[in-house]
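Every number here is computed from the coordinates shown, using simple stated rules; none is lab data. All figures in this text were calculated on a predicted structure; none of them were measured in a lab. Cβ placement follows ideal geometry from the backbone for every residue including glycine, while neighbour counts extend to all protein chains displayed.
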Amino acid sequence: MPVMVTEIVEDRTGSAPSLLAATSLGPYRSCDAGRTWQPLGTLPVAPIFTIGSVATDAGDVLLAGNETGLMRSLDAGRSWQAVLASNPVTTIATGRGRGGATITLVGTASDGLFRSADAAAGWTDASPGLLDFEVLAVRMSPAFTTDNTVVAATGSGLYRSRNGGQAWRPVLLPDDDGAILCVAFHPAFATVPTMRAGTEAAGLVRSVNGGTTWVGDHALGRQGVTAIVLSRRNPTQMVVAADDGLYRSLDGGRSWTPTARLEGVLCLTIADQGAGEILLAGWSRNGILRSVDAGATWEPAEILLS
């Protein structure tokens, strides 16, 4: 059975490292560095679009967004409760804000953004400043605890917040006329304030001053870019998912080499697994791909249907 995978993230709960995936069959977890994946409980609406997790002072929380809103689990995914009713939830971001509070931001297909500071139990509108309520991705700075910086990618452009996602300002991009599909921060953003964003029809754009100004980065041409990931151990290594497949760069994005001609890759993530990093790609057509050599070669993961 074909399985669409829209997001893969590291699980921030529990004592052992694991990974979470949002799929057309529901939420999945892997406890063996992405080799095999098992269902994570049952949601009322099986397909989910985004997934997240956070360890709070009140306990571990798993989050999953589907077409009816946001679901929360307090028992490692065995059961789920609706905590935010909206149109489809498209993206989730969590992090420790200033003062130690756990901040969760949720983006929707047409209701804008919502924000929680209490383990995802209560929610407030977080859309002030947004001119486009179709939110495709939300990403927090790696230094969020100190800089309070968040970016939101929408159907018509990019927005930045410097107060933890409570209010937003539009960012002027070189081609300010299309959707932003993904955003990636440099892992050492506090000292290297570089960001990259993938657009629907104008390739990559890049900022070297924390998102204040942006320039076109056309080494890949002007094709769509759906996902970007940088190695945390060696940030000059990065992989992107473009219209015609996966590309990797070993020189900080100056040049790119195709690694897999796979159309329809929707997400990329890197997970630290002991001695090295594991690169994972979620595919719109057939599950999850895995690489242990910085994206040079790929192998399919096993997704168990029950």
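Go through V225, S255, P193 and say which Cα lies farthest out towards the positive end of the charge dipole of region 188-265; charges sit on Cβ, +1 for Lys and Arg, -1 for Asp and Glu. Going by the charge dipole, the pick is P193. Take 37-50, 197-210 and order them by the average number of nearby Cβ atoms within 10 Å per residue, most first; the result is 197-210, 37-50. Sorting the segments 273-279, 229-235 by their residues' average number of neighbouring beta-carbon atoms within 10 angstrom, most packed first, yields 229-235, 273-279.
Here the sum of -39500 (n - 2.57) over DSSP H runs of 4 or more residues, divided by the residues of the chain, equals 0 deg cm²/dmol at 222 nm, to the nearest 500. The Cα atoms of region 157-306 give a gyration tensor whose axes a ≥ b ≥ c have a/c of 1.5 or more with a/b greater than b/c, which makes the shape prolate. Semi-axes of the equivalent ellipsoid of region 222-262 are 17, 10, 9 Å, computed as sqrt(5λ) over the eigenvalues of the C-alpha gyration tensor in descending order.
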